[in-house]
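Below you'll find the structure, written out as structure tokens, and then a few comments.
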Amino acid sequence: MIKGVDFMIMEEFLAEEEKIIRDTTRKFVEKEVLPIIGDHYDKGTFPTELIPKIAQLGLLGITTPPEYGGAGASYFSYGLACQELEWCDSGLRSLVSVQNSLCMYPIYTYGSEEQKEKYLPKMCTGETIGCFGLTEPDAGSDPASMRTTAKKVDGGWVLNGNKIWITNAPIAQIAVVWAKTEEGVRGFIVERDTPGFETPEIKKKMSLRFSPTGEIVLEDCFVPDENLLPGSTVGMKAPFSCLNRARYGIAWGAVGAAAFCFEKALNYTKDRVQFGKPLASFQLVQRDLADMFTEVTKCQLLVYRLGRLFDEGRASHVMVSMAKKTCTMTAAQVARKARELLGGNGVSLEYHVIRHLCNMETTTTYEGTDKIHSLIIGRYLTGINAFR
Ligand code: TGC
Ligand code: FAD
């Protein structure tokens, strides 16, 4: 299903339109991103000039209906695009996940008609990039314990608080911020030029270096009534419903990263000669390759089925947790094994594998850590809530 790694012959289950989205995304990352990514990763920079190109491919607003400028594609196609983007880099996929699932989805689902018309078309073209502020310095795995407040005043709301580890914050024109009101947690759209809104960049980050990450600082930040998401009256269910979609894309993306690392290790060990023979001829190396190949294939089957269920409205958030946890943890193991098989070259950005391995430290952490997803699955199985 991903080019080069399709042992279970999944290709035949793809519609033509799905293949086109997958293949155009792959061509784009091969031509435009892979050649430059090592240098950007090294410097910790993101080339914003890529954004209009990503938008042209229809990847911003991929599931958004055409009446708001989106591609109106299925979640399955979204998954395939995430797979190809992360085949290249997790940070690149993150840009697209955050824009689609964490910013456009809540505006589309919980926003007013005016908000949809004002923000979504420009988000589809990449003129407006969004970020999603949920995590705080003292509220990570437990976002319900957030301290950011929104106080009702004449004509709007005054927001105070700090969000941390926010993808795209330094480059975003708008932020979807979650804050506590007297009636519970609500979502707000905060525009970049609002007084009292700052997004300092987080430096010295050793993972996801292609993705800009920042804080959101809100100091007596006045947000007009029209920027409250009117439908966000369901408490934490509103931000959690966004996480579901982003976690879904992360699961697909991790398959892409794992497939990249597996193929790199396979080709490298076939070429590299030690003791007078290719590394791939040694039995211990073949066991590693067989294990990596098997794990990638298992994850492909998982996301394939999840994708179809998602489009049928039958994917539960527990299924999404299982896929997010399994695919990211598997990708981390496959990347680690590939790095080892490449020997000294494995630590060089030239070979890309170390970059994927470092990125997996983030993908197994954000959007719910491995442990948090285990406890979500555990709660489903036992009926016992381990969190509270
Ligand atoms: P809990 O009692 O579990 O749930 C409260 C209400 O929400 C419902 N719910 C969900 N609904 C939709 N989707 C989900 N995934 C849902 N999870 C829960 C639930 O049914 C309940 O509804 P009701 O009607 O009974 O009131 O709430 P809790 O506060 O105890 O939550 C527990 C826990 C641990 C599951 C939750 O806090 C959690 O998922 N924590 C992990 C935090 C996290 O993932 N943060 C992500 C921040 S964003 C990010 O990392 C972006 S990375 C950038 C990128 O994507 O590339
Ligand atoms: P903590 O919650 O403090 O967890 C620390 C450790 O304790 C983990 O190992 C965890 O598994 C464990 N732990 C926690 N609770 C339990 C428990 N009940 N039982 C057992 N173990 C437990 N957030 C956003 O809102 N928007 C973004 O765009 C965003 N982007 C991010 C980008 C990057 C690069 C990174 C690294 C993070 C990003 N995040 C974002 C934040 C991310 O979602 C959080 O880091 C994550 O949810 C974990 O929260 P925490 O860092 O506070 O860790």
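The values are calculated or read from the model by the stated rules, or taken from the named source; none is laboratory data. The model shown is predicted, which means the values in this text are computed figures rather than measured ones. In this analysis, Cβ positions are derived from the backbone assuming ideal geometry, glycine residues included, and neighbour counts consider all displayed protein chains. Keep in mind that these areas ignore ligands, DNA and RNA; they rest on the heavy atoms of the full protein, side chains included. Shrake-Rupley method; radii C 1.70, N 1.55, O 1.52, S 1.80 Å.
Tabulated data
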{"quantity": "FRET efficiency, 1/(1 + (r/R0)^6) with R0 25 Å, evaluated for Thr149 and Arg388 via beta carbons", "calculated": "0.70"}
{"quantity": "Helix 370-382 vs. the chain, principal-axis angle (Cα, 0 to 90°, nearest 10)", "calculated": "80"}
{"quantity": "Tilt relative to the chain, helix 113-125 - C-alpha long axis, 0 to 90 degrees, to 10", "calculated": "30"}
{"quantity": "Residues with amide H under 5 Å from that of Asn168, placed H, sequence gap 5 or more", "calculated": "Thr213, Gly214"}
{"quantity": "GNM flexibility winner over the chain from Lys122, Lys337, Lys27 (Cα, springs under 10 Å)", "calculated": "Lys27"}
{"quantity": "Loop sites in segment 142-211: GluC sites (Glu not before Pro), DSSP, at most 14 other Cβ within 10 Å", "calculated": "Glu182, Glu183"}
{"quantity": "Heavy-atom SASA rank of His373, His40 (probe 1.4 Å, accessible area, largest first)", "calculated": "His40, His373"}
{"quantity": "Max mean-square fluctuation residue, GNM over the chain, Cα-Cα springs under 10 Å, options Glu49, Glu17, Glu67", "calculated": "Glu49"}
{"quantity": "R0 of 51 Å, Cβ-Cβ distance Ala290-Asp142: FRET efficiency to nearest 0.05", "calculated": "0.80"}
{"quantity": "The chain: most fluctuating residue of Leu50, Leu102, Leu302 per GNM, C-alpha cutoff 10 Å", "calculated": "Leu50"}
{"quantity": "Between segment 161-203 and segment 287-329, the alpha-carbon center distance in angstrom", "calculated": "32"}
{"quantity": "Helix 353-363 vs. the chain, principal-axis angle (Cα, 0 to 90°, nearest 10)", "calculated": "30"}
{"quantity": "Kirkwood Rh in Å, taken over all unlike Cα pairs in the chain", "calculated": "21.3"}
{"quantity": "Segment 6-76-segment 83-128 distance, computed between alpha-carbon centres (Å)", "calculated": "13"}
{"quantity": "Accessible carbon and sulfur surface of segment 130-234 relative to its total accessible area, %, 1.4 Å", "calculated": "51"}
{"quantity": "Accessible surface, 1.4 Å probe, highest first, among residues Trp178, Trp165", "calculated": "Trp165, Trp178"}
{"quantity": "Segment 11-125 - Rg over Rh from alpha carbon coordinates, Kirkwood radius", "calculated": "0.99"}
{"quantity": "Rounded percent of accessible protein surface that carbon and sulfur make up, segment 11-125, 1.4 Å probe", "calculated": "52"}
{"quantity": "Over the chain: helical MRE at 222 nm, DSSP H runs n ≥ 4 each giving -39500 (n - 2.57), nearest 500", "calculated": "-15500 deg cm²/dmol"}
{"quantity": "Carbon plus sulfur fraction of accessible area for segment 273-343, probe 1.4 Å, in percent", "calculated": "59"}
{"quantity": "1.4 Å probe accessible area per residue over the chain, in Å²", "calculated": "43"}
{"quantity": "Probe 1.4 Å, all protein chains present, accessible-area order of Phe282, Phe188, largest first", "calculated": "Phe282, Phe188"}
